[in-house]
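Enquirer: To start, I am sharing the structure in question, which I have written as structure tokens.
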Amino acid sequence: MTILLTTLNARYAHASLGLRYLYANMEELQAQTRLQEFVIGARSTDIAERILINRPASGKFIIGFGVYIWNVVEITQVVAILKQVAPDVVIVLGGPEVSHETSEQEIVRLADYVITGWGDVSFAALCRQILQGPQPLMKIHAGVQPPMDALRLPYQHYSDHDLRHRILYVEASRGCPFKCEFCLSALDKTAWPFDIDVFLAEMESLYQRGARLFKFVDRTFNLNIKTSLKIMQFFLDKLAAAPHDPVFAHFEVVPDHLPDALKEGIQKFPAGSLQFEIGIQSFNPEVQSLISRKQNNEKAADNIRWLCQHSHAHLHVDLIAGLPGETVESFARGFDQLYALGPHEIQFGILKRLRGTPIIRHTAEYQLAFDPQPPYTILANKDVAFADMQRLVRFARYWDLVANSGRFAHTLPVILGEQPFANFMALSDWIYASTDATHRIALDRLAALVTRWLQEERQMSAEAVAAVVSQDYAGQARHKQGAAGDQSAVSAAPAQAPKKATPQRQSRHLAA
């Protein structure tokens, strides 16, 4: 008998916290349980082959898949292959993508069992039934939410290889008290904390083993300030004891809740040790009210401005385009307002219809049209036509390449001028018209495109453009003769290393 816990991560650097929770809570079945992770993009047949290597010579083989919005298509293919070549294997699904609207999903049809919601202890319980009998009669099993102190924490199951090469996801709490309708956490009744002393003891163990990068997946890190301060002090103590061997911590914070005690602690962190993910999503009060998002915009703006001016924290601030009631014009105003506050990155996201989220209640009134294929991105609504939504999608892509990459730090203010959204949209439209591409644009080609746009559309001289753009690169400006005449381009060598991509956000539905 063998039990295999597996999933397809978005990137190799991401280590599944959910699988490790399941493994930690397998109890007497842990000795027969293995953990195997893959990365999206691999051939489905290769993944199936590697999974079946674990198949025992006799006895049952149970495979638990963690299914998320980013891997459901590929896991569906893997499950279909497994059921063709090894129909006797028992396949159990869990995770946010299969926790809602299960009856209409092909992957659910193919699998033997599904656990919805919390799977930490429910997966082991289902395995016992499968192995010991009687066989479960139902295909769909609602996960049981145990008391937080009854959960065994998973951190010892990060391997030494994980500690050296991968991002470590950790959580001091689960759930969220807010009800933002685009988020699965809207279904939570509240936020549930782990015992802070037990949690910090686990963090100490990870640190002693060599962990230096900690990504907190708590939705509301700064909700309980007393707890937040204890966690921050843990990292400050490490930084003070070994400044030559610094730690890095990433937190998601509520933007309008930053009391003085927390500000005092934040100010103590040196550069390069602290990152905040801040969800603004929209500055439009009418939209916020419509989607049940409570946010004091004035306080949120003041706090972002303070963090930029008085701390060394790296700020990654989120906006979502396509929300019901949000027009292109109101989104543009919010974007300009946010840019003026000075965050290091603006993550320009496009609304997605996550299964189970309450956002669908607005479908008829606001004519919400979503792509039926994952990740279920909005295609249009009554305020934003399909063509304009596509322009916003391209804006988001080019914004990542030009602004969030950090490779055009000196050039970006010149591009944006006094109208950041309008000017970048003009650049975005021009790049797409010139290339018909949003991906696989090499850095030197992108630099040449930006250079051409500044010359041709903004009427800047070749010398002025070269003087600005070359500051962002180690090489000097060079000139190319193209079909449209002389153009300035630049060396492809960036003046600074590109920033590491922000890890994917882990779901709170930590099922198989």
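Enquirer: Pop out the Kirkwood hydrodynamic radius of region 153-384 from its pairwise C-alpha distances, inverse of mean 1/r, in Å to one decimal. Show your work: numbers first, answer last.
Expert: Working: mean 1/r = 0.0526 Å⁻¹.
Evaluated on region 153-384, it is 19.0 Å.
Enquirer: Hey, any idea what the orientation-averaged projected area of the convex hull of the chain's Cα atoms comes to, in nm²? Before the final figure, lay out each step's value.
Expert: Details: hull surface 101.6 nm².
Averaging across all directions leaves 25.4 nm² for the Cα convex hull.
Enquirer: Given a Förster radius of 56 Å and the C-beta distance between D197 and A387 as r, what FRET efficiency does 1/(1 + (r/R0)^6) yield to the nearest 0.05? Let's see the in-between values first.
Expert: On the way: r = 55 Å, r/R0 = 0.99.
Rounded to the nearest 0.05, the efficiency is 0.50.
Enquirer: Still on this structure, I have one more. Relative contact order (percent) for region 2-146, with alpha-carbon contacts under 8 angstrom and 6 or more residues of separation? Write down the numbers at each step before the final one.
Expert: Values: 248 pairs, mean separation 33.2, N = 145.
Reported as a whole number, the value is 23 percent.
Enquirer: Around N9, which amide H atoms from residues at least 5 apart in sequence, or from another chain, sit under 5 Å from its own amide H, with H modelled in the peptide plane?
Expert: Under 5 Å from the amide H of N9 lie the amide H atoms of F38, V39, I40, each far enough along the sequence or on another chain.
Enquirer: I've got another one for you. Would you kindly work out the equivalent ellipsoid of region 163-248 from its C-alpha gyration tensor and give its semi-axes, the square roots of five times the eigenvalues, largest first in whole Å?
Expert: Details: eigenvalues 142, 40, 24 Å².
Working through the eigenvalues yields semi-axes of 27, 14, 11 Å.
Enquirer: Let me check the size of region 135-201 from its C-alpha atoms; what are the radius of gyration and Dmax in Å?
Expert: Cα only, region 135-201: 15.8, 44 Å (Rg, Dmax).
Enquirer: Excluding R55 itself, calculate the net charge of residues whose Cβ lies under 13 Å from the Cβ of R55, where each Lys or Arg counts +1 and each Asp or Glu counts -1.
Expert: Numbers: positive: R34, R50, K60; negative: E49, D88.
Net charge in that neighbourhood comes out at +1.
Enquirer: Moving to a separate point now. Spelling out what I want: for every residue of region 168-184, take phi, set θ = phi - 60°, compute 6.51 cos²θ - 1.76 cosθ + 1.60 (Karplus), and round to whole Hz; glycine and proline get x.
Expert: Those phi angles translate into 9, 8, 9, 8, 8, 7, 10, x, 7, x, 8, 10, 4, 6, 7, 10, 4 Hz.
Enquirer: 5 Å is the cut-off here: which amide hydrogens, built 1.01 Å from N in the peptide plane, fall below it relative to W192, excluding neighbours closer than 5 in sequence?
Expert: R174, G175
Enquirer: Would you please give the residues with an amide H less than 5 Å from that of G64, counting only those at least 5 places away or on a separate chain, with H modeled from the backbone geometry?
Expert: L4, L5, T6, V92
Enquirer: If you average the alpha carbon positions of region 1-44 and of region 115-150, how far apart do those two centres end up, in angstrom?
Expert: When both Cα centres are located, 17 Å separates them.
Enquirer: For the residues E329, E345, what sequence is obtained by ranking on other C-beta atoms within 10 Å, fewest first? Working shown, then result.
Expert: Details: E329 10, E345 20.
The most exposed by this proxy come first: E329, E345.
Enquirer: In percent, how large is the relative contact order of the chain, given Cα pairs closer than 8 Å and 6 or more residues apart? The partial results should precede the final answer.
Expert: Numbers: 916 pairs, mean separation 70.4, N = 512.
Dividing the mean separation by the residue count of the chain yields 14 percent.
Enquirer: Fewest to most neighbouring Cβ within 10 Å: what's the order for M148, M138, M203, M460?
Expert: Numbers: M148 14, M138 8, M203 21, M460 18.
So the residues, fewest neighbours to most, are M138, M148, M460, M203.
Enquirer: In what sequence do C308, C183 fall when counting other Cβ within 10 Å, fewest first? Provide the component values of the computation, followed by the final result.
Expert: Numbers: C308 14, C183 23.
By the 10 Å Cβ count, ascending, the order reads C308, C183.
Enquirer: Taking θ as phi - 60°, what are the ³J(HN,Hα) couplings along region 380-397 by the Karplus curve (6.51, -1.76, 1.60), each to the nearest whole Hz, with x for Gly and Pro?
Expert: Values, residue by residue: 5, 8, 5, 9, 10, 5, 3, 4, 6, 5, 5, 4, 5, 4, 5, 3, 4, 5 Hz.
Enquirer: At S292 and A57, where each label point lies 7 Å from the Cα along Cα→Cβ, what is the point-to-point distance in nanometres?
Expert: 5.6 nm
Enquirer: Per the helix-only calculation at 222 nm, which mean residue ellipticity applies to the chain, given -39500 (n - 2.57) for every DSSP H run of n ≥ 4 and division by its residues, nearest 500 deg cm²/dmol?
Expert: Helices in the chain give a 222 nm mean residue ellipticity of -11000 deg cm²/dmol.
Enquirer: With Cβ to Cβ distances under 13 Å as the rule, what net charge do the other residues near I350 carry (K, R +1; D, E -1)? Display every interim value, and only then the final one.
Expert: Values: positive: K352, R353, R391, R394, R397; negative: D318, E326, D371, D388, D400.
With Lys, Arg at +1 and Asp, Glu at -1, the neighbours total 0.
Every number here is computed from the coordinates shown, using simple stated rules; none is lab data. Computed from a predicted structure; not experimentally measured. Cβ atoms come from the backbone with ideal geometry, glycine included; neighbour counts cover every protein chain shown.
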